[in-house]
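Inspection log for the structure reproduced underneath, given as structure tokens.
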Amino acid sequence: MACRAGCGACCIAPSISSPIPGMPQGKPAGVRCIQLDEANRCRLFNQPERPAVCEQFSATVSICGDNDAQALHNLQWLERQTG
């Protein structure tokens with residue numbers, strides 16, 4: 001599955017412990033990544049500064065569901081289970 005352009009759920013729901021440009025301490029769960037633009041697209045996509053955890057994320061139907069709201073809900077649930 002390819003990421004849905006403009007979804008941004010993976011840039012909002014999970015915590016990211018590694019540094020992100022503009023967020024040197026990482027990102028808490030539920031906080032919008034500073035690198036997520038107004039159209040919910042990652043400014044670091046395909047850039048060497050993109051954190052490895054973001055680069056390694058793969059969109060799947062079981063995680064992303066059928067729409068952006070479902071993706072956010074599923075990722076928030078996963079974060080609560082693993083956080």
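Results, tabulated for the structure shown:
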item	result
Helix 68-82 axis, angle to the chain major axis (alpha carbon atoms, nearest 10°)	70 degrees
Heavy-atom SASA rank of MET1, MET23 (probe 1.4 Å, accessible area, largest first)	MET1, MET23
Distance (nanometres) between label positions extended 7 Å along Cα→Cβ at ASN46 and SER62	3.0 nm
Within the chain, helix-based [θ] at 222 nm, where runs of 4 or more DSSP H residues each add -39,500 (n - 2.57), nearest 500	-8000 deg cm²/dmol
Accessible area of the chain divided out per residue, in Å², using a probe of 1.4 angstrom	63 Å²
Virtual spin-label span in nm between ALA2 and GLU55, 7 Å along Cα→Cβ	2.2 nm
Percent accessible area from carbon and sulfur atoms, the chain, protein chains only, probe 1.4 Å	55 percent
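The values are calculated or read from the model by the stated rules, or taken from the named source; none is laboratory data. Predicted, not measured: the structure shown is a model, and the values here were computed from it. Because the Cβ atoms are built from the backbone with ideal geometry, glycine has one as well, and the counts that use them run over all protein chains shown. Please note that ligands, DNA and RNA were not included when accessible areas were found on the heavy atoms of the full protein model with its side chains. Shrake-Rupley method; radii C 1.70, N 1.55, O 1.52, S 1.80 Å.
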